[in-house]
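What follows is one structure encoded as structure tokens, with my remarks underneath.
The numbers here are math on the coordinates, done by the rules we state, and not lab data. Just so it is clear, the model here is predicted, and its values are computed rather than measured. FYI the Cβ positions are ideal-geometry reconstructions off the backbone, even for glycines, and counts take in every protein chain you see.
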Amino acid sequence: MTAKNRKIVLGTRGSELARAQARLVEKAIQKVRPQAKIETKIIATQGDKARVIDPRAGRKGAFTGEIERALLAGDVDIAVHSAKDLPSETSPDAEIAAVLPRAPMEDVLVSKHGRGLASLPEGATVATGSVRREHQLLWQRANLKLIDLRGNVPTRLRKLAESNWDAIVLARAGLARLGLSPSRTEISFEGMQFFLDVLRCEIFLPAGGQGIIALQVRANDQRTKELVGLVNDCETLLCLQAEREFLRGLQGDCNCPVGVLAKIDKGKMKMRAQVFLGETAAPREAEVEGACDEGGKLAGELLRRITRE
């Protein structure tokens with residue numbers, strides 16, 4: 001079998017969203033290598049098996065660890081991850097060699113009553129599985145009642161439909177990849193109508209890597225590196241590397257809710273970060289700007305500014 005048409009095995013979780021993301025990767029590879037034989041292997045992760053994952057436990061790779069181990073064992077050639085699920089430190093024997101273009105990175109308030117965040121009644125119940133989102137919601141609406149939310153996107157939508165909750169918060173990219181277009185103000189799911197309020201990114205800064213599909217390969221697998229390099233979106237990868245560098249630096253100082261976002265425009269990278277410390281209602285925020293190929297330097301400067309007393 002030649003290098004151009006050898007079988008490539010993708011490793012991914014079994015959720016509908018993870019499978020949809022793997023299909024996007026397969027489609028991208030086949031566009032540049034039409035003869036490539038691609039197989040997808042479903043791998044159950046700790047996060048899939050556990051009934052409860054403590055959102056306060058930090059970035060521990062609950063949804064990525066087993067996939068990375070399968071990659072290192074040679075069971076798969078490309079580990080397909082939601083970049084925001086990857087811990088800031090991964091195995092030195094594997095690397096994020098490519099990413100697909102970033103999808104919309106905002107969070108979305110999904111409600112049953114057509115109300116946006118600002119118009120939810122006092123004491124309204126909002127469910128989320130993210131400590132970052134909890135802090136951001138209470139920063140803007142201290143009179144909300146927040147509860148924990150587990151499960152994949154369809155499960156979360158069903159829980160909203162079957163409960164007395166007012167709303168849940170989801171990632172816009174996940175809805176889009178499942179065909180639930182977040183460009184509209186409402187969606188229909190299993191016969192239930194939901195209303196959407198895209199939360200302003202300036203306030204609800206996303207998690208590092210949110211909206212990005214990361215392709216992780218073995219560090220010594222040059223053939224696969226070259227293959228995924230053909231589908232890599234260079235600017236998105238530069239942004240992801242900068243965001244992850246910031247998270248790596250922050251990890252040594254505190255384990256707290258954090259949002260970070262890098263964007264490139266006309267060769268310049270802008271990075272913003274938002275960190276909630278303790279029970280403080282308002283976050284610490286900072287912003288830096290510089291050359292797009294100096295993401296590591298910008299991440300370091302952003303960290304210094306945001307941790308400055």
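Over all other residues within a Cβ to Cβ distance under 12 Å of Thr224, the charged ones net out to +2, with Lys and Arg as +1 and Asp and Glu as -1. The relative contact order of segment 107-198, computed from alpha carbon pairs under 8 Å that lie at least 6 residues apart in sequence, is 43 percent.
GNM remark for the chain: springs join alpha carbons under 10 Å apart, and the peak mean-square fluctuation among Met271, Met192, Met105 falls on Met192. Taken one residue at a time, the phi angles of segment 103-114 give Karplus couplings (6.51, -1.76, 1.60, θ = phi - 60°) of 7, x, 9, 6, 8, 10, 7, 10, 10, 9, 10, x Hz. Gly and Pro are set to x. Each residue of segment 68-76 is assigned a 3J(HN,Hα), and the resulting list reads 5, 5, 5, 5, 5, 7, x, 6, 9 Hz, derived from the Karplus form 6.51 cos²θ - 1.76 cosθ + 1.60 (θ = phi - 60°), x at Gly and Pro.
Would you mind checking segment 85-116 for residues with the amide N under 11 Å from a putative spin-label position 7 Å along Cα→C-beta of Gln241? Hits in segment 85-116 for Gln241 at 11 Å: 96-98. Note on segment 107-198: Cα-Cα pairs beyond 19 Å make up 31% of the total pair count. Computed as a quarter of the hull surface, the mean projected area of the alpha carbon convex hull for segment 233-309 stands at 4.8 nm². As a calculated quantity, the FRET efficiency between Lys27 and Arg200 at R0 = 25 Å, using C-beta atoms, amounts to about 0.20. Taking 7 Å steps out from each Cα toward its Cβ at Lys266 and Ala73 produces label points 5.1 nm apart. When you restrict to C-alpha pairs under 8 Å that are six or more residues apart and normalise by the size of segment 233-309, the relative contact order lands at 31 percent.
Projecting label points 7 angstrom from Cα along Cα→Cβ for His113 and Gln46 puts them 3.9 nm apart.
What number comes out for the charge environment of Cys201, summing +1 per Lys or Arg and -1 per Asp or Glu over other residues with Cβ under 11 Å away? Each step should come with its number before you reach the end.
Working: positive: Arg172, Arg200, Lys263, Arg272; negative: Glu106, Asp107, Glu202.
Charge balance in the 11 Å sphere: +1.
With K and R counted +1 and D and E -1, the other residues having a Cβ less than 10 Å from that of Val126 yield a net charge of +1.
Placing a label point 7 Å from the Cα of Ser163 along the Cα-to-Cβ line, the residues of segment 106-121 whose backbone N sits under 14 Å from it are 110-112.
What percent do you get for the relative contact order of the chain when only Cα pairs under 8 Å and 6+ apart count? Spell out each step's value before the answer.
Working: 595 pairs, mean separation 61.2, N = 309.
This gives 20 percent for the chain.
Residue pairs exceeding 19 angstrom between C-alpha atoms, taken from Lys7/Lys84; Lys27/Lys270; Lys112/Lys159; Lys270/Lys297; Lys27/Lys268: Lys7/Lys84; Lys27/Lys270; Lys27/Lys268. Reducing segment 132-184 and segment 216-274 to their Cα centroids gives an inter-centroid distance of 25 Å. Here the extension length gained between Glu279 and Asn152 equals 42.9 nm, from 0.36 nm per residue of separation less the Cα-Cα distance. Each residue, Trp139 and Gln35, gets one label point 7 Å from its Cα in the Cβ direction; the gap between the two is 5.3 nm.
Please report the base-10 log of the normalised intensity I(q)/I(0) for the chain, using a Debye sum with one equal scatterer per alpha carbon and no solvent, at each q in 0.15 (1/Å). Cα-only, vacuum Debye calculation for the chain: -1.26. Put simply, the amide H of Ala286, placed in the peptide plane, has neighbours under 5 Å in Ala273, leaving out anything fewer than 5 places away on its chain.
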